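Let me begin by presenting the structure, written as structure tokens, before commenting on it.
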Amino acid sequence: MFSVTFIKRPIFAIVIALIIIVLGIVSLLKLPISEYPDVAPPVVNVSATYTGANAFVVEDTVTRVLEDKLNGIKGVIYMDSSSTSNGSSSINVYFKPGYDVDIGAVDVQNKVSTATASLPAEVRQRGVMVNKKSPSLVCLIAINGDERYDDSFLSNFVNINRLLLKPQ
């Protein structure tokens, strides 16, 4: 078997692994960023609020109505949705990687505008929001402490100094 060769000869396996790593680093440095493939699909979020409604009512009167209208949009891979007990509805529409998110947002907005007449008056009054989302992680900040600072102190510190962490 092929894997037995690497088990019996670990030095050979290490050399092959190092060669692959060096070739990967060289190609990473030589390949322009414009040539990197799109990995994460573009996402458009549709959110609405039905004040005073529970999750079941929001699901039946808002989320399901919007999902029915959003079905069949060109370039859509799948959708996921959530309806919460505080009256909010959120639908994420995922498009094929490389699909123009601006065109997708316009298509979603057009479908939402056709569904607006079927929504309850409270939802129409507050409006249905359509936003483009970036599915990739842009920035991650980790706050760690030692024995002097416990988790509640660090959480309070982050909440107090939140303005420092917001992008300008």
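What follows draws every value from the coordinates through simple rules; no lab data is involved. Computed from a predicted structure; not experimentally measured. Here the Cβ is made from the backbone with ideal geometry for all residues, glycine too, and neighbour counts use every protein chain on show.
The mean sequence separation of alpha-carbon pairs under 8 Å and at least six residues apart, normalised by the residue count of the chain, gives a relative contact order of 26 percent.
Under 5 Å between amide hydrogens, built in the peptide plane, is the criterion, and for K133 it picks out V43, V44, N45 among residues at least 5 positions away or on other chains.
Local charge sum around S83 (other residues, Cβ-Cβ under 14 Å, Lys/Arg +1, Asp/Glu -1)?
Around S83, the charge tally is -3.
The Rg/Rh ratio for region 51-102 is 1.07, where Rg is the radius of gyration of the alpha carbons and Rh is the Kirkwood radius. The slack in the chain from K133 to T5, taken as 0.36 nm per residue of separation less the alpha-carbon distance, amounts to 41.3 nm. Here the spin labels are modelled as points 7 Å beyond Cα on the Cα-Cβ line, and at S113 and Q125 they lie 2.4 nm apart.
One way to sum up the overall shape of the chain is the equivalent ellipsoid from its Cα gyration tensor, whose semi-axes run 43, 27, 17 Å, largest first.
Pairs K69/K96; K30/K133; K30/K132; K74/K133: which are spaced more than 23 Å apart, C-alpha to C-alpha?
K30/K133; K30/K132
Could you pull out every whole DSSP H run in the chain that spans at least 20 Å of Cα extent along its own axis and averages 0.5 or higher on the Kyte-Doolittle scale?
Taking the DSSP H segments of the chain (at least 20 Å long, mean hydropathy at least 0.5), we get 10-30.
For the residue pair D102 and T51, what label-to-label distance in nm results when each label sits 7 Å from Cα along the Cα-to-beta-carbon direction? Reported label-point gap for D102 and T51 is 3.6 nm.
Within straight-line reach of K111, meaning a Cα separation under 20 Å, sit the following aspartates and glutamates at least 8 residues removed in sequence or on another chain: E59, D60, E67, D68, D80, D100, D102, E122.
Distance from the alpha carbon centroid of region 1-45 to that of region 80-157 works out to 34 angstrom. Once every Cα of region 6-93 carries one equal point scatterer and solvent is ignored, give the base-10 log of I(q)/I(0) from the Debye formula at q = 0.11, 0.15, 0.21 Å⁻¹, two decimals. Taking Cα atoms of region 6-93 as identical point scatterers yields -0.58, -0.68, -0.98.
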